Structures are given as C-alpha cells and as structure tokens.
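Below is one structure, written out as structure tokens, with a few remarks after it.
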Amino acid sequence: MTDKKAVLNIDGFDTEIDLPVLSGTLGQDVIDVSSLTANNIFTFDPGFTSTASCESKITFIDGAKGVLLHRGYPIEELAEKASYLETCYLLLNGELPDAAQKAEFESIITSHTMVNRSIEQFLAGFRHDAHPMAIMCGVVGAMSSFYHDSIDINDPTHRMITAHRLIAKMPTLAAMCYKHYVGQPYMYPKNDMNYAENFLHMMFGTPCDMPKVSPVLANAMDLLFLLHADHEQNASTSTVRLAGSSGANPFSCIAAGIAALWGPSHGGANQAVLEMLNEIGDEKHIDKFIKRAKDKDDSFRLMGFGHRVYKNFDPRARVMKKACDDVLAELGLEDDPLLRIATRLEQIALEDDYFVSKKLYPNVDFYSGIIMKAIGIPTEMFTVIFATGRTVGWVAHWNEMISNPYKIGRPRQLYTGPSQRSVQAMDER
Ligand code: SDX
C-alpha cells in the first residue's frame, strides 16, 4: 500500500474524496479511483489514454525514453542474446531459462507443434482467398473444442499446457493458412528443426521440394517473433484480459486478441505499411503523401509511424531496422526500392515539424513488413506473423490475471442519449 494520496474536490459534493496514489517498481504513479463508485461518480477516459487497467509484472515500457523491458530485461539485450523461445519462457515464468530448462522447454514446445487433422477440414471451408487473419480468428477459437482435457482455467497445470499448446501450434496454423491461400499441400512440422526454421519449412517447403532453410532467414524470423512477443496493455492484450475476465476458455480469449490485432491501427499496420510503400511507388511521390498525412481532412496516415506510448522512438523499430539491413544484404536486395522509399520517408518525416511536434516516430511495424517481404512472406500474412509472435504475450497476461484475484471487466459510460420517455401507439409515432 502507500501513504500517498490524491484529494478530489468536486463541485456539488459536500466532502473531499481521498484517493490512494499507488507506486510501481518503475514508471508513473497511479491514482486508485476504484472507490469513486461508492461516491456515485465515474472517471471518463475514452481510449484509456490515462488509465492503468491492471497491475502487471510482465513488461514495462517507458515511452519518453524508448525503453521496453520484459521481466526487467531490455528488448535490445534479449534480441541480441536470447531466442524467441527463451523469451517465451521468460514471459511465462518470470526468469530466463538455464541450459537444462531451455532444452526441456524447447522439447515441450516441439512435442505440441502438430494440430488435429480435423483442422484441415475446418480450413477447407474457407474460400481459397480468405484473409489468413479471418482463418486464424476462426481456427484458434475452435481449438477449445479439441482440448477438453485442459481448459479448467483454475488449474495451473491446465493453464501452462494450454500456453505451451498455443505457442507451439500458432506457427503450424499460420503456415496452414498460407498453404490454403496458395493452394499447396500442408507441410507437417519437423521435430529436428528449431521454432523459426520449422515455421519457414512449413511455409515454403512442399512435399516435392524441402529446400534447406537459410539460417540467416531463420534467425531473422526468430527475431521478428521475439520483437512482437509482448507489449504490456496494448489493444489486443487488453482484449484478451477482458475476455478472460469473464472466465472464457483461453483459446477463445486468444482468438479475441487476434481479432483486435487485425485492425490497421494496431497489428494490421505492417500490411498497411507495405501497401502504403507500394502506393507511394517512387521517392518522388513521398512529399505528396507526407502532405496528405498532415492534412486534417484526409484520413490518410503514415502507416508505421506514431504510437500511443512511445513519444521518442520504438526500441523495436531500431532493432528491426538493423535486421532489415542484414537480411536484405544477405539476399542481395540492399537496393530494394521499397526499402529506399521507407528510408527516405523516415528521413523526411523525422525532419518535418508536424511529425516532430506530434512525436511521431517509426514503430515496430515500419520495418517488419520489409523484412517479411524480403523473406518471401505475402503481405496478407504479415499480421498473422505478428499474432504468432504475440501469442506468448497474450497468454502470459491471461495467465497472470487468472493466477491472481480478478473481477470481470465491466466499464461504465457517460450517457448522453434520450431521457426516459413512453412508447407511443403506432398511430401517434
Ligand atoms: C502497434 O499499443 C501498442 O503497444 C501497439 C503495438 C504493440 O506492440 O502491441 O506497439 C503495435 O499497434 C503499433 C502501431 C501501429 N499502427 C500504425 O502504425 C498506424 C498509424 N499510427 C496511428 O494510427 C497512431 O499513431 C496510433 C494509432 C498508433 C496511435 O494513435 P494515438 O495514440 O491514439 O494518437 P492520435 O491518433 O491521437 O494521434 C495524435 C496526433 C493526431 O493529430 P491531432 O489530432 O493531435 O492534430 O498525431 C496524429 C493524429 O492525427 N497522428 C498521425 C499519425 N499518428 C498520429 N498523423 C499522421 N500519420 C500518423 N501515423
């Protein structure tokens, strides 16, 4: 608890209201307003721009300093010294694994990578050109129908095996979405491949030809998953927490998170960045698009720029930019026209007062799309890759909430509709 407090004086109220001020390990203090209901008044904060929805020990972001910590470890260090599965272990358990724990965790995840054959019939019901995110929303939600043996959310072992199943099966499901989209046979996971290598194998291998997966591309893919692993209470993670607060099974909660991530303001931005770069088409058109992005009457926004929390730089974008350079160099694509447009766009935007004054910097989505395109992943799959990497963050937050006392999320509102009135008879309407 804390001895700090805020005192609220409200016109029309006879007494002051004392509200506790709580301090975390890092970051802003928060005013605990939960007692306000007893005083028959609510707070009002559309978009939750000033609201801390929960207490968490998983991820910390300092938007002003461009800091992102997972269980205290900076994202830059995890990107350099840990794998995606080590980061998954960290997010789920609170500590990085030692060598034995890492080997055991990798073995557990590998043992859950296959999906039930019935999932193939499920996918067959989708149009061949269905957006892969539409398929993922449906298939992940349906997974609860396969695992009746482990969806008692109050059983910690059920929660952990569900976390393992989701982390393990998302790449398999994602690759199946792609294969359905391109009309090729599904590829099974191979137990002798690591997580990212297996994903690229299932994406680009065929029964007729299973080329060796490039270690550079596999490392880039692992880094992409790692950089997308978690990001505190973003829109999709908040959706997972809210769905989970009703006691819904974890597969349906993750499906809700996938649906929220799909929007172009959130995880759908990586696809929107590529579509924007293709629409710009040439460096000589950049100024026209910068002008449109600044025009209040034009709904166009510079996709991949801006962030609710980062008002300096997104540390993930910096790591992503270096990985982008490495992948394109490895593939001999340094002169990629889209990268040229992206780099020039970033330079111009970062010198333009509109973007500087509004603190609009490249975010995680700005360069990720260029890496994924270079690896050969179609834009429709970009958000599926984001969802695959973010699944561990969603399930870690879900597990943290369910493991501690929680209440069903039930926000209130400021009602501005009609006052009470009577229903008129039809001939009086
Ligand atoms: C992700 O929350 C997370 O952590 C998300 C994420 C994660 O890991 O989970 O980091 C992943 O979603 C990254 C963001 C990806 N989205 C995009 O790149 C889409 C483009 N960006 C914007 O839509 C916007 O910047 C948001 C949605 C990301 C943030 O919006 P906010 O915080 O609600 O800010 P805002 O919309 O109120 O914008 C503030 C001002 C506005 O101008 P004014 O009304 O003050 O005059 O900045 C302008 C906006 O018009 N603005 C932009 C802009 N982003 C904001 N103008 C042009 N281009 C942009 N990209």
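See the values below:
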item	result
Long-range HN-HN contacts of residue 309 with modeled amide H, under 5 Å	none
Residue among 120, 16, 95 with the largest mean-square fluctuation in a Gaussian network model of the chain, springs linking Cα atoms under 10 Å	16
Kirkwood Rh (inverse of mean 1/r, distinct Cα pairs), segment 92-195, angstrom	15.0 Å
Helix-derived mean residue ellipticity, 222 nm - over the chain, DSSP H n ≥ 4, -39500 (n - 2.57), to 500	-15500 deg cm²/dmol
Accessible area of the chain belonging to carbon and sulfur atoms, whole % at 1.4 Å probe	52 percent
Residues whose placed amide H lies under 5 Å from that of residue 8, excluding near-sequence neighbours	17, 18, 19
Segment 51-94 shape via C-alpha gyration tensor axes, a/c threshold 1.5	oblate
Neighbour-limited loop hits for trypsin sites (Lys or Arg not before Pro), segment 90-186 (at most 10 other Cβ within 10 Å; DSSP other than H, G, I, E, B)	117, 127
Size of charge dipole - segment 36-146 - debye, nearest 20, with Cβ of Lys, Arg +1 and Asp, Glu -1, no other charges	320 debye
Mean projected area (nm²) of the alpha-carbon convex hull when segment 142-198 is viewed from all directions	4.8 nm²
Accessible area per residue in Å² at 1.4 Å probe, computed on the chain	50 Å²
Distribution of pairwise C-alpha distances over segment 322-391, 5 Å bins, in %	3, 15, 23, 21, 17, 13, 7, 1
Positive dipole terminus of the chain, leading residue within 206, 417, 147 (C-beta point charges)	417
Zone residues, segment 143-160, relative to residue 406, backbone N less than 20 Å from point 7 Å out along Cα-to-Cβ	143-145, 147-160
Unsatisfied cross-links (Cα-Cα over 19 Å) in the set 81/212; 296/358; 288/373; 284/359	81/212; 288/373; 284/359
For segment 134-142, Karplus couplings with θ = phi - 60° (6.51, -1.76, 1.60), whole Hz, Gly/Pro x	5, 5, 4, 4, x, 5, 5, x, 6
Choice from 103, 134, 38 showing the highest fluctuation, given a GNM over the chain with Cα pairs closer than 10 Å	38
Derived scalar couplings ³J(HN,Hα) [segment 34-46; Karplus, 6.51 cos²θ - 1.76 cosθ + 1.60; whole Hz; x for Gly, Pro]	4, 7, 5, 4, 4, 8, 6, 8, 10, 8, 9, 8, x
Computed over segment 10-58, Kirkwood Rh from alpha-carbon pairs, angstrom	12.8 Å
Theoretical gain in end-to-end length, residue 15 to residue 190 [0.36 nm per residue, Cα-Cα removed]	56.3 nm
Linear extension gain, residue 147 paired with residue 95, 0.36 nm per residue minus alpha-carbon span	15.9 nm
The chain pair-distance distribution - Cα-Cα, 10 Å bins, rounded %	4, 20, 29, 25, 14, 6, 2, 0
Unit charges on C-beta of K, R, D, E only; dipole of the chain, Debye	620 debye
Charge dipole (debye, nearest 20) of segment 136-219; +1 at Cβ of Lys and Arg, -1 at Cβ of Asp and Glu	160 debye
Selected from 399, 329, 89, residue furthest toward positive end of dipole (the chain; charges at beta carbon)	399
Accessible-area order (highest first, 1.4 angstrom probe) of the listed residues 25, 59, 157	25, 157, 59
Alpha carbon centroid spacing (whole Å) that separates segment 125-152 from segment 222-266	15 Å
Residue (of 116, 162, 191) at the positive-pole extreme of segment 80-233, dipole from beta-carbon charges	116
In sequence order, calculated HN-Hα J values of segment 309-322 (Karplus, 6.51, -1.76, 1.60; Hz; x Gly/Pro)	9, 6, 10, 9, 8, 8, x, 5, 5, 5, 5, 5, 5, 5
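The values are calculated or read from the model by the stated rules, or taken from the named source; none is laboratory data. Being a predicted model, the structure only gives us computed values, none of them experimental. Methodologically, a virtual Cβ is constructed for each residue, glycine included, from the backbone with ideal geometry; neighbour enumeration extends over all protein chains shown. Just the protein is used for accessible areas: all its heavy atoms, side chains included, with ligands, DNA and RNA removed. Shrake-Rupley method; radii C 1.70, N 1.55, O 1.52, S 1.80 Å.
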